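Derivation of every value follows stated rules applied to the coordinates shown; laboratory data play no part. These figures come from a predicted structure and were not determined experimentally. Note that each Cβ is placed from the backbone with ideal geometry, even for glycine, and that neighbours are counted across all protein chains shown.
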Amino acid sequence: MSMPTPRRAPLRFPAGFGWGASTSAYQIEGATKDDGRGESIWDTFSRTPGRVRNGDTGDVAADHYHRYRDDLDLMRDLGLRSYRFSIAWPRIQPDGTGAPNQRGLDFYRRLLDGLHERGITPMATLFHWDLPQALQDAGGWESRDTAYRFAEYAETMFRALGDRVPTWLTVNEPKTVVQNGYLSGHHAPGRQDPEAAYLVAHHLQLAHGLAVRALRATGPGRIGPALNLHPCYPADDSPEAAAAARLYDGYENRLYLDPVLTGRYPHDVLADLGAQSRMVQGIADGDLEVISAPIDILAVQYYTPIYVTAQGGTARRHPTSEAEWQQIHPEGMYDILTRVTRDYGPIPITVTENGLPTPDTVGTDGTVDDAGRVAFLRDHLAAAHRALTDGVPLESFHVWSLLDNFEWAEGYDQRWGLVYVDYATQRRILKRSAHWYRTVIADNGI
Ligand code: FCB
């Protein structure tokens, strides 16, 4: 009698690899008025006519605030080992300061207990863009004070939930706040002011550093920032394109990596901004020491490369997804992971976001066939595996996203989930990619 041969994935990941999925509060929770939650800048922004496609808001979203138990079961059914989510600051401090709202804390405590009961390790982001509106009214991230308010909020969370959260992430994608919130203005708070934008960059990093400090003073736990990194390649072989790509890389990557990991802002970017810029003027003595407080883990989010022309513009070299800003280039995952390890040393890395939107619909047989997502994730995981083999200390990988959700200015038009959400009924349907991911996790490889 022959024994069944166990399935063997050709690309095996290290034992205990943290297979995960990612979400954020405003994008999935809904329940924006429940249990004492305050207003956030995304409530304001999404209610402003013309800001979000179809006038969509996060008022209901995937109704996760009410359905979190079912969503936890779904995560268990997928076999997830890690779940990366965010805490809505306005649920904890409705006005951005002062004593915490117990009912807000209780929600996250229940969520965390549910994760632990199901053997899923939580990773909690403190700030995923839903700034309390009251703090925006007081100047938002343009005000240095907001960094100190953030540190207070972070400390509240460490004290309340530190026993349940092994890994904290401070600020999600400071670059996106800078670029989308303050340069292009297509995200909240919808400003177009380059001088303000880079001052905001500094204050977001200061907030990160102050939170790291607060964790060290409060107790155990690991902490790090969540940075979206874009490999910047010259669009042609000219020395001009090489130089332009180098500066572009400064604005996309080094502006956020260097201060945290080396204690310095990149010279070329500071020179380009100018000594009189609000940002450079806003760097106080000691700030870089705070910002560079040693971290335990670096969260990397990879979606797309950028090709930079000799004139400093951008070019397309690969097919794009439904998100016009996203070129599909799995090699970029390898390039960015190996580059971080090469340039900054062997700091533990988690990939906290990677994914794409696909035009998903429910077929007559009730299934959702997102073959494009399966191919995308397989190719990006293969690139991540190669980075691991070449020495990158990659611990875990989180697909963006667990569920279809409110994709910011795109509203509900783009579907990024492993799990389809029928917004009319809030029914969840595992897409083909979810079934595929379950076998990847079970096989510990692809
Ligand atoms: C990232 C965000 C996340 C989601 C994905 C598609 O920039 O962190 O909330 O919108 O993009």
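Scanning segment 84-104 for residues that are over 21 Å from Gly417 (Cβ atoms) and buried (at least 19 other Cβ atoms within 10 Å of the Cβ) gives Trp89, Pro90, Arg91, Ile92, Gln93, Pro94, Gly96, Asn101, Gly104. Number of residues in segment 181-201 that are farther than 22 Å from Ala134 by Cβ and in contact (Cβ under 8 Å) with a residue 40 or more places away in the chain equals 4. Arg144 satisfies every condition listed in (1) buried (at least 20 other Cβ atoms within 10 Å of the Cβ); (2) more than 16 Å from the ligand (Cβ to nearest atom); (3) touching a residue at least 40 places away in the same chain (Cβ under 8 Å) except (1). For segment 53-83, a residue qualifies if it is in contact with an Asp or Glu (Cβ under 8 Å, 6 or more places away or on another chain) and either over 20 Å from Gln426 (Cβ atoms) or surrounded by 23 or more Cβ atoms within 10 Å (Cβ to Cβ) (or both), and the qualifying residues are Arg53, Gly58, Ala61, Ala62, His64.
Please give the helices (runs of 4 or more DSSP H) falling wholly within segment 186-296 in which 3 or more residues are of a type in the set (Val, Ile, Thr) and within 19 Å of the chain's Cα centre (by Cα). Before you say what the answer is, go through the steps one by one.
Numbers: elements: 194-218, 239-249, 255-262, 267-273, 278-282, 287-291.
Passing ranges: none, list empty.
Taking the condition of being in contact (Cβ under 8 Å) with a residue 60 or more places away in the chain and either over 21 Å from Asp258 (Cα atoms) or among the acidic types (Asp, Glu) (or both), how many residues in segment 218-233 meet it?
Just the residues of segment 218-233 that are in contact (Cβ under 8 Å) with a residue 60 or more places away in the chain, to begin with: 218-219, 221-233.
Subset that is either over 21 Å from Asp258 (Cα atoms) or among the acidic types (Asp, Glu) (or both): 218-219, 221.
Counting residues in segment 218-233 that are in contact (Cβ under 8 Å) with a residue 60 or more places away in the chain and either over 21 Å from Asp258 (Cα atoms) or among the acidic types (Asp, Glu) (or both) gives 3.
Filtered by the rule that a residue be part of a loop (DSSP other than H, G, I, E, B), within 16 Å of the ligand (Cβ to nearest atom) and out of contact with any Ser or Thr (no Cβ under 6 Å at 6 or more places or on another chain), segment 99-130 gives a lone residue, Trp129. Of the residues in segment 330-347, at least one is more than 16 Å from the ligand (Cβ to nearest atom), closer than 30 Å to Asp413 by Cα and surrounded by 17 or more Cβ atoms within 10 Å (Cβ to Cβ). Just for segment 397-432: of the residues that are more than 15 Å from the ligand (Cβ to nearest atom) and among the polar types (S, T, N, Q), which one is surrounded by the most Cβ atoms within 10 Å (Cβ to Cβ)? Step by step, filter segment 397-432, then rank; the result is Gln426. The residues in segment 14-42 that are closer than 25 Å to Gly96 by Cα, within 16 Å of the ligand (Cβ to nearest atom) and not in a loop (DSSP other than H, G, I, E, B) can be counted, and the count is 8.
Which one is surrounded by the most Cβ atoms within 10 Å (Cβ to Cβ) among residues in segment 433-446 that are more than 16 Å from the ligand (Cβ to nearest atom) and not hydrophobic (A, V, I, L, M, F, W, C)? It comes out as Tyr437.
Step by step: first the residues of segment 149-168, then only those that are part of a helix (DSSP H, G or I) and among the aromatic types (Phe, Trp, Tyr), then the one that is farthest from Gly96 (Cα to Cα). Which residue is that?
Residues of segment 149-168 part of a helix (DSSP H, G or I): 149-161.
Subsequent filtering for residues that are among the aromatic types (Phe, Trp, Tyr) retains 150, 153, 158.
Working: Phe150: 8, Tyr153: 8, Phe158: 16 Å.
Taking the candidates together, the pick is Phe158.
When segment 186-199 is filtered for residues that are surrounded by 17 or more Cβ atoms within 10 Å (Cβ to Cβ) and within 16 Å of the ligand (Cβ to nearest atom), the ones remaining, listed by number, are His187, Ala188.
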